[in-house]
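Read through the structure below, which is laid out as structure tokens, and then see the notes.
The values are calculated or read from the model by the stated rules, or taken from the named source; none is laboratory data. Note that this is a predicted model, so its numbers are computed, not measured. We place every Cβ from the backbone using ideal geometry, glycine too, and count neighbours over all the protein chains shown. Surface accessibility is based on the protein's heavy atoms, side chains included, excluding ligands, DNA and RNA. Shrake-Rupley method; radii C 1.70, N 1.55, O 1.52, S 1.80 Å.
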Amino acid sequence: MPRTAWAELAAELIADAHTADLWRKRFRNAHPNGGTGSLYAQASLYPRAGSAQSSALYCAALSTILCALDAWRKRLHSQL
């Protein structure tokens, strides 16, 4: 996936994981299309690119997901 799409995908992964987590809590089982509500479960639904965990590309992708998660948490708390 091109880097220009990473931020959008990261936000989508987080929103989908949240939805699956709410499902899991309400129905006491995994979401049929989203697993347990973890980011790992959501990411597992997508094709995986091979990259060493110490590579610059891996670190950039990790940074993108962490920034998206921080933005999502701030958005959530600003609504309370």
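With a 1.4 Å probe and every protein chain left in place, work out the accessible area per residue of the chain in Å², rounded to a whole number.
Details: 6110 Å² over 80 residues.
Accessible area per residue: 76 Å².
Once every Cα of the chain carries one equal point scatterer and solvent is ignored, give the base-10 log of I(q)/I(0) from the Debye formula at q = 0.16 Å⁻¹, two decimals.
-0.66
Show me the trypsin sites (Lys or Arg not before Pro) within the chain that DSSP assigns to loop and that have at most 12 other Cβ atoms within 10 Å of their Cβ.
Working: sites: ARG3, ARG24, LYS25, ARG26, ARG28, ARG48, ARG73, LYS74, ARG75; in loops: ARG28, ARG48.
Counting only loop positions with at most 12 other Cβ atoms within 10 Å, the trypsin sites (Lys or Arg not before Pro) in the chain are ARG28, ARG48.
Below 8 Å, C-alpha to C-alpha, sequence gap of six or more: please give me the relative contact order for the chain in percent.
On the way: 65 pairs, mean separation 24.8, N = 80.
That works out to 31 percent.
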